[in-house]
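Just so it is clear, none of the values below were taken in a lab; they were calculated from the coordinates. Keep in mind the model is a prediction, meaning the values are calculated, not measured. Because the Cβ atoms are built from the backbone with ideal geometry, glycine has one as well, and the counts that use them run over all protein chains shown.
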Amino acid sequence: MGSWSEIFQNPNIKNRGISGDVTEGILYRINEITESQPLQVFLMIGTNDLAQGLTKELTFQNICKIVKSIQSQSSKTEIIVQSILPANSIYSLFSGHTGNTVKIKWVNGMLKDWCDDNEIIFVNLFIHLKNENDDFLNPEFTYDGLHLNGSGYQKWANVIRPLIK
């Protein structure tokens, strides 16, 4: 839901995220992205997969498939893989998401290692958006425990700003 072109004051930045989307959805539509041969793709996906019962292993494997598909269809595109964001049950909403912290951290750890092994940039957003003393989404950055508010998107933007070309 981030208005990235507005946040970065750049009309060339497009948000192709779809609320409620899963890795299979991206894999199904990947050529809609790669046909334009973008300079960069910032990928952040996975929380809905876990909330819908997909295993952490399959979630991780599907994210890797997305990256490999982008690489094979748009070889000059730089891919930046971003960690799955934390969630917080503070508002008693999205229980399917907020109970997945251990799985999210596992996928994020696997993604970091896989990206390191494959010379792909990995950005750990989780550590920037979590509470200081636990692994839950900082209430300062959310309006419902799952989705980010303006402050959350600004924090995210500040993390990735140095990577944007």
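Annotations
- Per residue of the chain, the DSSP helices (runs of n ≥ 4 H) give a summed -39500 (n - 2.57) that works out to -13000 deg cm²/dmol at 222 nm.
- Counted charge near residue 154, where neighbours are those whose Cβ lies closer than 15 Å (Asp, Glu -1; Lys, Arg +1): 0
- Fluctuation leader among 102, 67, 123 - the chain, Gaussian network, Cα springs under 10 angstrom: 102
- Protection proxy ranking, highest mean first, for peptides 83-93, 153-163: 83-93, 153-163, where packing is the per-residue count of other beta-carbon atoms within 10 Å, averaged.
- P(r) tail fraction, the chain - alpha-carbon pairs more than 28 Å apart, %: 16
- Applying a threshold of 28 Å to the alpha-carbon distances of 68/105; 76/103; 56/165 flags 76/103; 56/165 as lying beyond it.
- Nearest-ten-degree value, helix 101-117 long axis tilted from longest Cα axis of the chain: 30
- Ranking 75, 55, 7 by how far each Cα lies toward the positive end of the dipole of the chain (charges on Cβ) leaves 75 at the top.
- Linear extension gain, residue 117 paired with residue 65, 0.36 nm per residue minus alpha-carbon span: 17.2 nm
- Label point distance in nm, residue 8-residue 90, each placed 7 Å from Cα along Cα→Cβ: 2.8
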